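The values are calculated or read from the model by the stated rules, or taken from the named source; none is laboratory data. Only a predicted model underlies this, so the values are computations on that prediction, with no experimental measurement involved. All Cβ positions, glycine included, derive from the backbone under ideal geometry; neighbour counts span all protein chains shown. All accessible areas refer to the heavy atoms of the entire protein, side chains included, with ligands and DNA or RNA removed. Shrake-Rupley method; radii C 1.70, N 1.55, O 1.52, S 1.80 Å.
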There are 2 protein chains.
Amino acid sequence: MAEPTAAERDPEAVSKFVEGFAAQLVEAGMQRMPARVFAALLASDAGAMTSAELGEQLQVSPAAVSGAVRYLAQQHMVAREREPGSRRERYRVHSNQWYEALTNRDAVLKRWELALRVGVDSLGSTTPAGRRLSETLAFFEFIDGEVAAMMERWRAHRETLYGDG
Amino acid sequence: MAEPTAAERDPEAVSKFVEGFAAQLVEAGMQRMPARVFAALLASDAGAMTSAELGEQLQVSPAAVSGAVRYLAQQHMVAREREPGSRRERYRVHSNQWYEALTNRDAVLKRWELALRVGVDSLGSTTPAGRRLSETLAFFEFIDGEVAAMMERWRAHRETLYGDG
DNA sequence: CGCTTCTTTCAGAAATTTGTGAAGTTAAGG
DNA sequence: CCTTAACTTCACAAATTTCTGAAAGAAGCG
C-alpha cells in the first residue's frame, strides 16, 4: 500500500490532503472556500468535479460551491465545462494552466504599480519618500518583465521532465 | 506645485497614498493593520517611524501598532531599531530589502511543496491525481530556483538605474 | 409550454477577525 | 532602587466575513 493505485483511492487520505493544502493556501491569503474547492479539484483523478461532488466531499451547501467557483473562475484558476445536453456543470483544473493563473498576479502587480505612481506624483519624485516609492515601482516593473520569461523557461523545463505530453 | 518638495509635504496626500496602497495590499491577502503600517513607513521621508508617530498618522492604538509591527518584523518587512539610550523604538523599511522580503514568499512556497509531497505520497505517484500534484510540485521547485536568479538580475538592473547608491 | 433538475442570488445567523482599553512587563534615568 | 516612559499582552466588544436555507432563475426534455 506504499504506492496506492486509483482503485484503492482512500477518501480519508484525499480529504487530509485537501484540507491540508487548502489551509496553506488560506494562510497565503486565499479565501477558505475557494481554497478548499481548488484543492479538491487538484486531488481529483479526473481533474474535474461537479457541484454536487464538491458539495459532498467538502460537506458544504451548493451555495457555498457556487460562490467559490465564481471566484476561482474569475481568477482563471478553474474552467467551467458544460456537458452538452445536461444542466450539470463541471469544474476543471487545467493541469498546464492553473499555476500560470496563480503566477498571473499580473493584475495585482499592475494595481500596485498604479498606486505607487500616484504616490510618486503626489509626494514628489525628488523627495526621499518619493524616491523610495519610485524605486519600488521600478522593481515591480522589472518583475513584470521577468515573469513572462520565467514562464517560458518553465515550459521548456517541463518538457525535459515530461516530454510533450 | 506639480512637484512637491519635502518642505510642503501634504498630510492629506500622504494619507491618501497610504490608505490606497494599503487597500491594494489587503486585497492581495495582507492583514489590514500591517498593510497600513507598512504603507505609512514606505511613504515616510525618513523611511522609519516611531510607534507614536504611526499611531497618530493611522489613528489607532499603541496595541494595534504593536501587533502590526510584530507581524511585519516576522515577515522581515520592517526592521526594529533601538535608538541607544531611549526606550523609543523605531521601525524601518530598508529600501533595498523590503521587496526582497515580499518576494521571499520562499517560506510559503516551501510549505506548499511539503503539502504537495504529502499528497503525492498518499494518493500514489502513478495515479492521475498524484501525477497532477507531482507536476505542480515540480513547478514550485522550478520557481524556487528561478527566484534567486531573478533577484540577482534585479540588483544588476537597479545599478543601471541608480548607480551604486 | 410546463416539468424537472441544476445553479445562482439573497437575507440573515454564526463564526471569525480586528482593534481597543487596561493591566502587565521591561528598561532607562535619576 | 524607585520612577517613569515605552512596548506588549489579554479579555472583550464591534465589525466583518462566511456559510446556510429558501426562493428565484435558467435550461434540458417530454
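General remarks:
Residue by residue, here is whether (1) farther than 30 Å from B:Asp10 by Cα; (2) at the interface with chain B (Cβ under 9 Å from one of its Cβ atoms) holds:
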{"position": "A:Leu114", "(1), (2)": "no, yes"}
{"position": "A:Asp121", "(1), (2)": "no, yes"}
{"position": "A:Arg131", "(1), (2)": "no, yes"}
{"position": "A:Ser134", "(1), (2)": "no, no"}
{"position": "A:Val147", "(1), (2)": "yes, yes"}
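- Just one of the listed residues (B:Glu56, B:Glu8) is within 24 Å of A:Ser125 (Cα to Cα) and open to solvent by 40 Å² or more (accessible area, probe 1.4 Å), namely B:Glu8.
Residue-by-condition table, conditions (1) of a type in the set (A, V, I, L, M, F, W, C); (2) closer than 30 Å to A:Arg92 by Cα:
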| site | (1), (2) |
| --- | --- |
| B:Ala107 | yes, yes |
| B:Leu114 | yes, yes |
| B:Val118 | yes, yes |
| B:Thr127 | no, yes |
| B:Val147 | yes, yes |
| B:Trp154 | yes, no |
| B:Thr160 | no, no |
| B:Gly163 | no, no |
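- Scope the range B:105-126; condition of a type in the set (A, V, I, L, M), open to solvent by 40 Å² or more (accessible area, probe 1.4 Å) and over 24 Å from the mean Cα position of the chain (by Cα); matching residues: B:Val118
- Qualifying residue in the range B:63-74 (condition: among the aliphatic types (A, V, I, L, M), in contact with an Asp or Glu (Cβ under 8 Å, 6 or more places away or on another chain) and under 20 Å from B:Pro11 (Cβ atoms)): no
- Scanning the range A:66-74 for any residue that is surrounded by fewer than 15 Cβ atoms within 10 Å (Cβ to Cβ), away from DNA strand D (no atom under 14 Å from the Cβ) and facing chain B (nearest Cβ under 9 Å) turns up nothing.
- Across the range A:13-64, the qualifying residues are those that are charged (D, E, K, R) and away from DNA strand C (no atom under 15 Å from the Cβ), and the one among them that is farthest from A:Arg80 (Cα to Cα) is A:Lys16.
- Which numbered condition B:Val37 fails, given (1) more than 13 Å from chain A (Cβ to nearest Cβ); (2) closer than 25 Å to A:Val120 by Cβ; (3) surrounded by fewer than 18 Cβ atoms within 10 Å (Cβ to Cβ): (3)
- Options B:Tyr91, B:Tyr99; residue that is open to solvent by less than 30 Å² (accessible area, probe 1.4 Å), aromatic (Phe, Trp, Tyr) and within 14 Å of chain A (Cβ to nearest Cβ): B:Tyr99
- Among the residues of the range A:11-34, those identified as under 18 Å from B:Pro128 (Cβ atoms) and open to solvent by less than 40 Å² (accessible area, probe 1.4 Å) are A:Ala13, A:Val14, A:Phe17, A:Val18, A:Phe21.
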